[in-house]
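A short write-up of the structure that comes next.
The values are calculated or read from the model by the stated rules, or taken from the named source; none is laboratory data. A quick note: this is a predicted structure, and the numbers were derived from the prediction, not measured. Glycine gets a Cβ as well: all are built from the backbone with ideal geometry, and neighbour counts include every protein chain shown.
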Amino acid sequence: MHSDLLQQGYAVTSDQAIGLPEKFRDNFVQTYFVDGVIRHDKGDWPVDRKRARDVIYYEWHDGELRLEEYETISLTDRAGIKGERIHARVMLLHDPQAVELIKAFLTLIPPDRRRSKGTFGVNLFRTYTNVVTAPHRDDEEFIFIYVLNRVGGGAETHLFDVNAVTTDFEHQLQPGELIVFDDERYLHDASPLKPDADGQAMRDALVCTVDYEATYLKPKSGSAAEPGAAEPPELVAAATS
Ligand SMILES: [Fe+2]
């Protein structure tokens, strides 16, 4: 995983391969992908997406991670929308399985690319139609996309190599699979969901970010894309024209 990530800028694995319990996905979806935790926020895009978010502060000490809830989850001037946005917060650190997930994900970052301390964003997204609509960056250091559940087809993840060093990558992540990639090396998007024979389509995913210091710890003014976000309609028009 470390050499894939260093050499090609992305790596694909599964929850069980990184040591998460077999029941992890079911437990996580049943606990957090429910009304009262995830919600649709006015102005969010895609228009039918439900979400929740947590931000974890981490420190590495002698190869061990220490985690705590970060003071805020707010996003400012992101996804082309000015101002501060507060989404539903889910406090994950009281949950031993969520702690296990966060530690497993951070451990996938090669040691010489790790920061001694930083923030880690965890975004829960339930989508029904569009997942995202235009290739974009999240403007963070590393991005994880972990699919927990999917009904229907489509939702193929694409990475577009911005520097043409390696080839582009396309893969339909199956429930249990995750990809981690270097956000600076690839634009990413995902195709729309395709309803199954019963007309049903839904995808539950975690999009996590190893953040730059500028995101929370040493903020500076300026706008950036939002983790896991589709661009708002006016930006899609610009991006695709
Ligand atoms: Fe994204």
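Checked against the criterion of being within 16 Å of the ligand (Cβ to nearest atom) and either closer than 18 Å to Leu124 by Cβ or surrounded by fewer than 21 Cβ atoms within 10 Å (Cβ to Cβ) (or both), the candidates Pro192, Pro175 yield just one match: Pro192.
Scanning the range 11-69 for residues that are within 17 Å of Val122 (Cα to Cα) and small (Gly, Ala, Ser) returns a single hit, Ala52.
Taking Asp139, is it at positive phi and not small (Gly, Ala, Ser)? Judged against the criteria, Asp139 is a match. Glu184 meets all of the listed conditions (1) modelled with pLDDT of 70 or more; (2) of a type in the set (D, E, K, R); (3) buried (at least 17 other Cβ atoms within 10 Å of the Cβ); (4) within 14 Å of the ligand (Cβ to nearest atom) but one, namely (3).
Taking the range 112-140, which residues are within 13 Å of the ligand (Cβ to nearest atom) and part of a strand (DSSP E or B)?
Initially, the range 112-140 is screened for residues within 13 Å of the ligand (Cβ to nearest atom), giving 121, 123, 125, 127, 130-140.
Within the range 112-140, Gly121, Asn123, Phe125, Thr127, His136 qualify.
Among the residues making up the range 74-92, those that are at pLDDT 95 or above and not in a strand (DSSP E or B) are Val90, Met91, Leu92. Only residues that are within 16 Å of the ligand (Cβ to nearest atom), at pLDDT 50 or above and small (Gly, Ala, Ser) were counted across the range 198-223, and they come to 1.
Residues in the range 141-171 that are surrounded by fewer than 20 Cβ atoms within 10 Å (Cβ to Cβ), away from the ligand (no atom under 13 Å from the Cβ), among the hydrophobic types (A, V, I, L, M, F, W, C) and within 21 Å of Thr13 (Cα to Cα): Val151, Phe169. The residue that is farthest from Asn130 (Cα to Cα), among those in the range 43-70 that are modelled with pLDDT under 95 and not charged (D, E, K, R), is Gly63.
Inside the range 8-34, residues that are surrounded by 17 or more Cβ atoms within 10 Å (Cβ to Cβ) and not in a loop (DSSP other than H, G, I, E, B) make up a count of 8. Sub-7 Å Cβ pairs linking a first residue in the range 1-18 that is of a type in the set (Val, Ile, Thr) to a second residue that is in a helix (DSSP H, G or I) and at pLDDT 95 or above, at least 6 apart or interchain, are Ile18/Ala104, ordered by first then second residue.
The residues on offer are Ile143, Ile109, Ile102, and the sole one that is assigned to a helix (DSSP H, G or I) and within 17 Å of the chain's Cα centre (by Cα) is Ile102.
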